[in-house]
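Participant: Below are the structure tokens for one structure; questions will follow.
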Amino acid sequence: MQDAPVSTAGSPGYDAAASERSMLSARIRARALEVGFDAVGIAPVRPSDHAEAYARWIAAGMYGEMAYLAREDAVAKRADPALLVPGAKSAVVVAINYHVPDAEHDGRTAVDDPSRGVVARYARNDDYHEVLKERLIGLQDWINDTLVPVGGRAYVDTGAVLERELAQRAGLGWAGKSTMLIQPGRGTYYFLGVVLLDVELAYDEPFAADRCGTCSACVDACPTGALLGRDAAGAPVMDARRCISYLTIELRGPIPRELRPLMGNRVYGCDICQEVCPWNSFADMTSEAAFIPRAGLDGATLIELMAVTQEEFSRRFKNSPVKRTKRRGLLRNVAVALGNCGAPEAVPALARALHDEEPLVRGHAAWALGRIGTEPALEALRAHLAVEDDASVVSEIMASFEN
Ligand code: B12
Ligand code: SF4
Ligand code: SF4
């Protein structure tokens, strides 16, 4: 390959504007790394290449109850980020490592101990939205104050932005069959963040390759069959209604009975498709203090969690992503995990949970007692049936006798 001719200021062919854009991009990249992001790429803002894939996903109803994903205005904004920030020209996409090891309890990690609850790695300390958003806003302010006056907006997760597509377009990696953005040499345990800016910058090459090859480890390992592989157009497809992350975090009501036995002891989120991904085999651990696990989140015993009061929930999960489920959501998930564990020692805790003020908790405790199925478990269900006045719980109890 021939080297491109070098042109310097004043020489014919010198493009001052292009040189300025390159300088801006280089300084933004350097600043993003300086403030603690692990990777950064810059992409042009233009209509999504994947809007049709997204529309197909919505039309198939695979978003479940996450209605915000299907709102007409939100779909339109995903298809064209310029609708979010008028005049947006560039997307600065950052990634930050949250990979943490599993702690051992009595010589085993919670993943290998069905009597303990597994909390997904991303949720074992502070809420990443706060951490990333603050840094991204700082980055945008720095660009405005130091480099060039800009308008724009920072997004982490909650905006109508296809973050993984922008990350791919900014050259960071590709979307694997797990649907996760995979960075070669880094893996998947990275949060993404985006700043849309109304200035032209120099852009990275999109990441064109699909390096999953013939691997399908994530599809094979997903316990609920949520990963459907690539569709005819090459888009990785997930039926979120079956994903444990959706079921334990986003779903507000009862977890479909047929999926409960498949969820194991994952009580908040799920990392299974990432745990089996070969691209994570050599991934570095994070050194970001906000993501180093704090005590009491991952690996607590399910019996202990089942007894958590509102006060204890607020204290233990303060500032952590887990607070999103509220106490009743977490206890719903814990009851399912106790049913899957099947240990008779859990019967007293579940029998007490039959008197919880939340019907959602009572209903799932009833399911778990039915799964355990010992005489004391069934006796607790019979005794409670006589006093239960919520129709949904009564129907859970009746169905539990048939487990
Ligand atoms: C809704 C949502 C979920 C839902 C649905 C997930 C899903 N796969 O769609 C649920 C609750 C299940 C979920 C779970 C998780 N999530 Co989530 N989630 C989101 C959110 C808010 C929107 C994603 C979305 O729009 N999904 C709809 C699908 C259709 O879009 P998509 O996944 O972006 O896929 C598009 C591309 O893949 C594109 N595509 C890619 N390659 C190709 C190739 C071709 C040829 C074509 C045509 C298309 C195509 O096609 C799709 C359609 O446009 C994003 C943040 C954001 N604003 O983007 C975080 C986000 C994706 N989640 C994240 C995380 C960390 C998780 C969990 C790991 C949390 C956990 N441990 O429990 C799991 C991972 C599960 C998984 N395997 O994806 C990170 C992922 C980081 C990364 N490296 O990829 C994000 C980016 C949040 C963030 N800011 O860091 N999540
Ligand atoms: S997060 Fe868990 S349930 Fe969801 S797709 Fe991955 S392996 Fe399946
Ligand atoms: S497990 Fe295999 S198929 Fe799945 S995302 Fe990783 S490399 Fe791709």
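Participant: Within the group Ser245, Ser281, Ser216, Ser287, which residue is small (Gly, Ala, Ser) and under 30 Å from Ala343 (Cβ atoms)?
Facilitator: That would be Ser245, the only listed residue that is small (Gly, Ala, Ser) and under 30 Å from Ala343 (Cβ atoms).
Participant: Any residue at all in the stretch 299-311 that is in contact with a helix residue (DSSP H, G or I) (Cβ under 6 Å, 6 or more places away or on another chain), part of a loop (DSSP other than H, G, I, E, B) and within 10 Å of ligand 1 (Cβ to nearest atom)?
Facilitator: No: zero hits.
Participant: Within the stretch 98-107, can you find the residues that are more than 10 Å from ligand 1 (Cβ to nearest atom) and at pLDDT 95 or above?
Facilitator: Applying the first criterion (more than 10 Å from ligand 1 (Cβ to nearest atom)) to the stretch 98-107 yields 99-107.
His99, Val100, listed by residue number.
Participant: Starting from residues that are in a helix (DSSP H, G or I) and within 16 Å of ligand 3 (Cβ to nearest atom), keep the ones in the stretch 245-274 and report whichever is nearest to Gly329 (Cα to Cα).
Facilitator: This residue is Ser245.
Participant: Within the stretch 210-250, take every residue that is on the phi > 0 side of the Ramachandran plot and more than 10 Å from ligand 2 (Cβ to nearest atom) and give me the one that is surrounded by the fewest Cβ atoms within 10 Å (Cβ to Cβ).
Facilitator: Here the answer is Gly213.
Participant: Right, next: I need the full set of residues from the stretch 293-309 which are aliphatic (A, V, I, L, M) and in contact with a Ser or Thr (Cβ under 7 Å, 6 or more places away or on another chain), in order please.
Facilitator: Answer for the stretch 293-309, where residues must be aliphatic (A, V, I, L, M) and in contact with a Ser or Thr (Cβ under 7 Å, 6 or more places away or on another chain): Leu297, Leu302.
Participant: Just give me the residues in the stretch 371-403 being under 18 Å from Glu258 (Cα atoms) and hydroxyl-bearing (Ser, Thr, Tyr), in sequence order.
Facilitator: Scanning the stretch 371-403 gives Ser392, Ser395, Ser400.
Participant: With the condition kept exactly as written, say whether any residue in the stretch 42-50 is part of a helix (DSSP H, G or I) and among the β-branched types (Val, Ile, Thr). Before the answer, list the steps.
Facilitator: The first filter runs over the stretch 42-50 and keeps only residues part of a helix (DSSP H, G or I), leaving none.
No - not one qualifying residue is present in the stretch 42-50.
Participant: Step by step: first the residues of the stretch 271-321, then only those that are over 29 Å from Cys212 (Cβ atoms) and among the hydroxyl-bearing types (Ser, Thr, Tyr), then the one that is farthest from ligand 2 (Cβ to nearest atom). Which residue is that?
Facilitator: Out of the qualifying residues, it is Thr309.
Participant: Right, something else. For residues in the stretch 326-358 being within 27 Å of the chain's Cα centre (by Cα) and surrounded by fewer than 24 Cβ atoms within 10 Å (Cβ to Cβ), which is farthest from Leu381 (Cα to Cα)? I'd like the intermediate steps shown before the answer.
Facilitator: Here is the first cut: in the stretch 326-358, the residues within 27 Å of the chain's Cα centre (by Cα) are 326-341, 358.
Narrowing the set further to residues that are surrounded by fewer than 24 Cβ atoms within 10 Å (Cβ to Cβ) leaves 326-328, 340-341, 358.
Details: Lys326: 25, Arg327: 23, Arg328: 20, Asn340: 17, Cys341: 18, Glu358: 16 Å.
Ranking the qualifying residues of the stretch 326-358, first place goes to Lys326.
Participant: Residues in the stretch 259-270: is at least one within 9 Å of ligand 2 (Cβ to nearest atom), charged (D, E, K, R) and within 19 Å of the chain's Cα centre (by Cα)?
Facilitator: Within the stretch 259-270, one or more residues are within 9 Å of ligand 2 (Cβ to nearest atom), charged (D, E, K, R) and within 19 Å of the chain's Cα centre (by Cα).
Participant: Within the stretch 151-205, track down each residue that is within 13 Å of ligand 1 (Cβ to nearest atom) and hydroxyl-bearing (Ser, Thr, Tyr).
Facilitator: Tyr155, Thr158, Ser178, Thr179, Thr188, Tyr189, Tyr190
Participant: Tally the residues that are hydrophobic (A, V, I, L, M, F, W, C) and touching a residue at least 40 places away in the same chain (Cβ under 8 Å), restricting the search to the stretch 366-377.
Facilitator: Initial filter on the stretch 366-377 (hydrophobic (A, V, I, L, M, F, W, C)): 366-369, 372, 377.
From what's left, touching a residue at least 40 places away in the same chain (Cβ under 8 Å): 367.
Looking only at that region, the number is 1.
Participant: Evaluate the stretch 267-282: report whether one residue or more is surrounded by 18 or more Cβ atoms within 10 Å (Cβ to Cβ), within 11 Å of ligand 1 (Cβ to nearest atom), of a type in the set (Asp, Glu) and farther than 24 Å from Phe37 by Cβ.
Facilitator: The answer is no, given that none of the residues of the stretch 267-282 is surrounded by 18 or more Cβ atoms within 10 Å (Cβ to Cβ), within 11 Å of ligand 1 (Cβ to nearest atom), of a type in the set (Asp, Glu) and farther than 24 Å from Phe37 by Cβ.
Participant: Here is a further query. Does the stretch 237-247 include one or more residues that are over 16 Å from the mean Cα position of the chain (by Cα), among the hydrophobic types (A, V, I, L, M, F, W, C) and assigned by TED's automatic domain parsing to the domain that holds Asp112?
Facilitator: no
Participant: Counting only residues that are in contact with a Ser or Thr (Cβ under 7 Å, 6 or more places away or on another chain), give me the helices (runs of 4 or more DSSP H) lying completely in the stretch 320-403 with at least 2 of them.
Facilitator: It comes to 326-341, 359-372.
The values are calculated or read from the model by the stated rules, or taken from the named source; none is laboratory data. If you're wondering where the values come from, they're calculated on a predicted model, not measured in any experiment. So basically every Cβ, Gly included, is an ideal-geometry build from the backbone, and we count neighbours across all protein chains shown.
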